[in-house]
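All of the numbers you see were taken from the coordinates with simple rules; none came from a lab. Treat the numbers as computed from the prediction; the structure is a model and nothing was measured. Ideal geometry is used to build each Cβ from the backbone, glycine not excepted, and the neighbour counts take in all protein chains shown.
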Amino acid sequence: MITLLYFARLRETFGLSSEQTNLPADVADVRSLTEWLRRRGGAWQEELAQDRPVRVAVNQDMATPDTAVRDGDEVAFFPPVTGG
Amino acid sequence: MTVRIQTEDFDLGAEILDLRRGNTGIGAVASFVGLVRDLNHSATVTEMTLEHYPGMTEKALAEIVEEAKRRWNIIDTLVIHRIGPLKPMDQIVLVAISSAHRGDAFAACEFIMDYLKTRAPFWKKEQTEAGAHWVDARESDETAAQRWTASSA
C-alpha cells in the first residue's frame with residue numbers, strides 16, 4: 001500500500017485529500033505513478049498533464065520524476081507553494 | 001532553533017525578547033514580518049486561507065534553518081507561520097535571527113524567507129469580491145531564491 005495526499009487546488013479538484021492504494025506493478029517512480037494516476041481520466045488527466053506545474057513529495061521530501069516510489073511510501077501531489 | 005505553525009497571531013516584541021533572553025553574546029537581531037495585503041492582481045482580497053502539509057512543513061522549515069546555519073554565524077532562529085483564515089493587515093509569517101554581528105542576521109533572515117516562499121509547503125487561497133481562487137506561484141519568488149544558489153557556487 002502507498003498513501004497518496006493531495007493539497008490545495010488538487011485536493012479541491014479531485015475532491016479528495018488522501019487515499020491508500022496498492023502500488024501497481026508497473027509503478028516504480030514518481031513519473032510512472034503520475035502517469036498511472038493520469039489514466040484515471042477527467043480531472044486527473046487534466047491536473048496532472050505534463051505541462052501543469054505539479055510538485056511531488058515522497059516521504060515529505062521534494063521529489064523529481066526519477067524519485068523511486070516503494071510500498072509504504074507517502075506521496076503528495078500539490079501546486080507550486082505560495083506561503084510567506 | 002524554533003519553528004512554529006499556528007493559527008494564533010504572534011507578538012513580535014515578545015517573541016524577540018524570548019529569542020535573545022539571557023544571551024550576552026547576541027549583538028544583532030534581524031526580523032521579518034509578512035502581512036496579508038488587501039490587493040492582489042487588482043481584485044480586493046477580503047479573506048485569505050493558508051493551507052499546509054502537516055509534517056512536511058516543519059521538516060522543510062527545519063532544513064531551511066539548518067542550511068542558513070551552515071552559511072552564516074547564527075546564534076538562534078525563530079520561524080512562525082500562521083495557517084487558517086486570515087484578513088488583510090493580519091500577520092502571516094515571522095522570521096527572526098540573532099547573531100553576534102548584523103551581517104549574518106540580515107542575510108540569514110532574507111535567505112530563510114526566500115527559501116520558505118519557494119520550498120515550504122504552504123498554499124494561499126484568496127477570497128475576493130469576484131470569488132475565491134488559489135494564488136499562483138510567482139516567478140520573482142523563484143528568482144529571489146535562486147540568487148542564493150548562484151552566489152554560493
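At 15 angstrom or more along the helix axis (alpha-carbon based) and mean Kyte-Doolittle of 0.5 or higher, what helices does chain B contain? Whole DSSP H runs only.
None pass (Cα extent of 15 Å or more, hydropathy at least 0.5).
Kindly write out, for the range A:15-21 in residue order, the coupling ³J(HN,Hα) from the Karplus curve 6.51 cos²θ - 1.76 cosθ + 1.60 (θ = phi - 60°), rounded to whole Hz, with x marking Gly and Pro.
x, 8, 9, 7, 7, 10, 8
Normalised by the residues of the range B:19-126, what does the relative contact order come to in percent, with Cα pairs under 8 Å and at least six apart?
43 percent.
Can you compute the modelled spin-label distance between residue A:50 and residue A:26, with each label point 7 Å from Cα toward Cβ, in nm?
1.6
Going by amide H atoms built from the backbone, whose H comes under 5 Å of the H on residue A:59, apart from near neighbours?
Residues meeting the amide H criterion: A:74, A:75, A:76.
State the answer as a single residue: which of A:2, A:64, A:83 lies farthest towards the positive end of the charge dipole of chain A, with beta carbon charges of +1 for Lys and Arg and -1 for Asp and Glu, about the Cα centre.
A:83
Choose one answer from B:65, B:36, B:93: the residue with the largest mean-square fluctuation in a GNM of chain B with alpha-carbon springs under 10 Å.
Looking only at B:65, B:36, B:93, the biggest GNM fluctuation is shown by B:36.
What is the local net charge at residue B:88, summed over the other residues whose Cβ is closer than 11 Å to its Cβ (Lys, Arg +1; Asp, Glu -1)?
Its environment carries a net charge of -2.
Once you put a point 7 Å from the Cα of residue B:8 and another 7 Å from the Cα of residue B:143, both along the Cβ direction, what distance in nm separates them?
4.0
Under a point-charge model restricted to the Cβ atoms of Lys and Arg (+1) and Asp and Glu (-1), what is the dipole moment magnitude of chain A relative to its Cα centre, in debye to the nearest 20?
Roughly 220 debye, rounded to the nearest 20.
If each of residue A:17 and residue B:46 carries a label point 7 Å out from its Cα toward its Cβ, how far apart are those two points in nm?
For residue A:17 paired with residue B:46, the spin-label model returns 2.4 nm.
Return the single residue from B:29, B:95, B:45 with maximal mean-square fluctuation; model: Gaussian network over chain B, springs between Cα atoms under 10 Å.
Comparing B:29, B:95, B:45 in the GNM, the peak value goes to B:45.
How many Lys pairs in the range B:51-145 lie less than 22 angstrom apart by Cα atoms, where the lysines are 8 or more positions apart or on different chains?
Eligible lysine pairs with Cα atoms under 22 Å apart amount to 8.
Can you tell me how much longer the chain between residue B:136 and residue B:28 gets when fully stretched, taken as 0.36 nm per residue apart minus their C-alpha distance, in nm with one decimal?
Between residue B:136 and residue B:28, full extension yields an extra 35.4 nm.
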